[in-house]
């Protein structure tokens, strides 16, 4: 009687333990990472842009340097004049 119970108990434990070794989500595992890949592909404007041998047209060097210098000069000298009125001050 005790040996029969022990055999059934061991068999039950083995069955329960064997279920932990199997994958319960085979469909989800096969689809792992596809959402990230899809989102990355949706954000790419032109996948073949790296193979394009024609460079993009833009500013030449002196014009770009002048634009940067003008931008930097705008912050070098602070604006002089009346400060903006504060709301709620008397």
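The values are calculated or read from the model by the stated rules, or taken from the named source; none is laboratory data. On a predicted model such as this, the values are computed, not experimentally measured, just so you know. A quick note on method: Cβ atoms are made from the backbone with ideal geometry, for glycine too, and the neighbour counts reach across all protein chains shown.
When 25, 44, 36 are checked against the criterion of being under 31 Å from the mean Cα position of the chain (by Cα) and modelled with pLDDT of 90 or more, 36 stands alone in meeting it. Against the test of being assigned to a helix (DSSP H, G or I) and modelled with pLDDT of 80 or more, the options 63, 18 yield a single qualifying residue, 63. Determine whether segment 69-77 contains at least one residue that is modelled with pLDDT under 80 and not in a helix (DSSP H, G or I). Checking segment 69-77: at least one residue is modelled with pLDDT under 80 and not in a helix (DSSP H, G or I). Right, residue 56: modelled with pLDDT under 85, out of contact with any helix residue (DSSP H, G or I) (no Cβ under 9 Å at 6 or more places or on another chain), assigned to a loop (DSSP other than H, G, I, E, B) and at negative phi or not? Yes.
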